[in-house]
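Report on the structure given below.
The values are calculated or read from the model by the stated rules, or taken from the named source; none is laboratory data. Just so you know, these numbers come straight off a predicted model, no measurement behind them. Positions of Cβ are generated from backbone atoms using ideal geometry, with glycine treated the same way; all protein chains shown enter the neighbour counts. Heavy atoms of the whole protein, side chains included, go into the accessibility calculation; ligands, DNA and RNA do not. Shrake-Rupley method; radii C 1.70, N 1.55, O 1.52, S 1.80 Å.
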Amino acid sequence: MWGGRFAEGPAAVMREINASLPFDKRMWREDVAGSRAHVAMLGAAGIVSPADADAIAAGLEQVAAGYQADGVPDDLSLEDIHMLTEARLAEAIGPAAGRLHTARSRNDQVATDFRLWVRAAIDQVLAALTAFQQALLARAEEHAASVMPGFTHLQSAQPVTLGHHLMAYYEMAARDVSRFADARARMNRCPLGSAALAGTGFPIDRDATAAALGFDGPTRNSLDAVSDRDFALDYLQAATQCSLHLSRLAEEFVLWASQPFGFVALSDQWSTGSSIMPQKRNPDAAELVRGHAGRITGCLVSLTVTMKGLPLAYSKDMQDDKPPVFEAHDLLALSLAAMTGMVESATFRPDRMRALAESGFSTATDLADWLVREGGVPFREAHHITGRAVARAEAEGVRLDQLPLADLRAIDPRIDDRVYDVLSVDASVASRTSFGGTAPANVRAAIAAARGETA
């Protein structure tokens, strides 16, 4: 490629370290698409003759068909997918292939290819997130009134419903959708035509190539265009946040599937056994999703550090931009598919959830709130009174709603029998009617609103 300047070829190790084809061949579709748009523009602008433009376009179709049928070979002597495609094109149509690279550089070419790939990756993630959200909505509706313990510090705190709990993850996924959508909108500008770094003297039509490739328009600064990898970092940041949300749900499935909790049984499809303990049903899919979050976070850190302190414009360090993005995308796709499958197929155990919700004095706050509302007691005093009631129930080995009225009145005479209307777990969740609260009616309304948003 640069034989006119160099008398000797690269050392074997240099050839290997310099080549990106083993991983950037993944972008062959984007590379061919960018080349089609570029040569069409060259032909329309009169920079390349119509005959050569037609020959190149036909040759690119032939190259693409070969890739599709036989795969992309690892020819390290050709460095990357761009040079391989040009070499294959030359084999197909001869010297006219050399005109394809007029008015462009591999710098703007790879920036364009990579943006196209990341844009398609975002579209795939958005589709997967929608499927995940639909699974959450279906199970949340099924369990809108199924009582379970709500936790803080992993200690029983207040009763909630399983539907409300699952809808919390729907909200996380909705924020993930917004992050990916924002990243897509921000990166949808076409670098093609920026050439190596300074633009080109040829009378190119950058608006035409941008439109042909589905971009909103061309990038506005050639230096920035070839050196920018913000779009890849945006993708990785959104992927990292999404993976953290999936990891939290995965961790809850791991806990809930354990015998001490017993809230859920994961299906055989998403469980494994033990090589030595035949009774085991291990939540390995959930554990792997949890583990993938660490690897995806590592991909973000990797590219962040790679881009730190790079001067304008292009540096070879940036060749290492694609492996972390490719790895993160593959892991996130697996994680989303796995969590969607687990949510859809899980067998929840409302009876076990209710039993634990009724233990641990989870309606203590309801007693304190009742004292404030009905007895006019300042909350801090009500908190103290309730603490004494909890201590009494604990000593007696009963739930709060099982304490005799006489015992409660001995603690504070302002308590009367109306208090039992709020001390059951069902009464507790039904009372949480503030916007965003866990009352079953709220949960059903939130599900209806969410379905309207995703319709």
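Before moving on, here are some points about what is shown:
- Top-ranked residue of the range 404-423 - restricted to ones that are open to solvent by less than 40 Å² (accessible area, probe 1.4 Å) and within 48 Å of the chain's Cα centre (by Cα), ranked as modelled with the highest pLDDT: 419
- Output for the range 310-347, where each listed residue is over 17 Å from residue 242 (Cα atoms) and open to solvent by 50 Å² or more (accessible area, probe 1.4 Å): 311, 312, 314, 316, 317, 320, 344, 347
- Hits in the range 190-204 - residues which are assigned to a loop (DSSP other than H, G, I, E, B) and either farther than 18 Å from residue 116 by Cβ or hydrophobic (A, V, I, L, M, F, W, C) (or both): 192, 195, 196, 197, 198, 199, 200, 201, 202, 203, 204
- In this structure, residue 123 qualifies as surrounded by fewer than 22 Cβ atoms within 10 Å (Cβ to Cβ), closer than 21 Å to residue 338 by Cα, in contact (Cβ under 8 Å) with a residue 60 or more places away in the chain and charged (D, E, K, R).
- Counting only residues that are out of contact with any helix residue (DSSP H, G or I) (no Cβ under 6 Å at 6 or more places or on another chain), farther than 19 Å from residue 351 by Cβ and part of a helix (DSSP H, G or I), the range 140-170 holds 1 of them.
- Tabulated pairs, the range 56-85, first in contact (Cβ under 8 Å) with a residue 60 or more places away in the chain, second open to solvent by less than 50 Å² (accessible area, probe 1.4 Å) and not in a helix (DSSP H, G or I), C-beta under 6 angstrom, 6+ apart or interchain: 76/19; 79/19; 80/20
- Meets criteria (more than 30 Å from residue 245 (Cα to Cα) and open to solvent by less than 20 Å² (accessible area, probe 1.4 Å)) for residue 102: no
- Check on residue 68, farther than 30 Å from residue 444 by Cβ and either open to solvent by 20 Å² or more (accessible area, probe 1.4 Å) or part of a helix (DSSP H, G or I) (or both): yes
- Failed item, numbered, when residue 401 is tested on (1) in contact with a Leu (Cβ under 9 Å, 6 or more places away or on another chain); (2) of a type in the set (D, E, K, R); (3) open to solvent by 60 Å² or more (accessible area, probe 1.4 Å): (3)
- For the range 205-229, the set of residues classified as in contact with a helix residue (DSSP H, G or I) (Cβ under 6 Å, 6 or more places away or on another chain), farther than 22 Å from residue 304 by Cα and either touching a residue at least 60 places away in the same chain (Cβ under 8 Å) or assigned to a helix (DSSP H, G or I) (or both) consists of 205, 208, 209, 212, 213, listed by residue number.
- Look at (1) open to solvent by less than 30 Å² (accessible area, probe 1.4 Å); (2) not in a helix (DSSP H, G or I) and you find that residue 261 fails only one, number (1).
- Single condition residue 419 does not satisfy, out of (1) out of contact with any strand residue (DSSP E or B) (no Cβ under 7 Å at 6 or more places or on another chain); (2) closer than 14 Å to residue 362 by Cβ; (3) not hydroxyl-bearing (Ser, Thr, Tyr): (2)
- On the stretch given as the range 431-454, residues that are of a type in the set (Gly, Ala, Ser) and either surrounded by 18 or more Cβ atoms within 10 Å (Cβ to Cβ) or not in a helix (DSSP H, G or I) (or both) total 6.
- The residue list 146, 49 contains one member that is open to solvent by 30 Å² or more (accessible area, probe 1.4 Å), touching a Gly at 6+ places or on another chain (Cβ under 9 Å) and among the polar types (S, T, N, Q), which is 49.
- Within the option set 364, 337, 265, being at pLDDT 95 or above and under 30 Å from residue 139 (Cα atoms) holds for one residue only, 337.
- Residue in the range 73-103 that is modelled with the lowest pLDDT, counting only those that are within 27 Å of residue 194 (Cα to Cα) and under 34 Å from the mean Cα position of the chain (by Cα): 76
- Selection count where residues are among the β-branched types (Val, Ile, Thr), more than 31 Å from the chain's Cα centre (by Cα) and buried (at least 20 other Cβ atoms within 10 Å of the Cβ), scope the range 176-234: 1
- Members of the range 349-389 that are touching a strand residue (DSSP E or B) at 6+ places or on another chain (Cβ under 6 Å), assigned to a helix (DSSP H, G or I) and of a type in the set (Gly, Ala, Ser): 357
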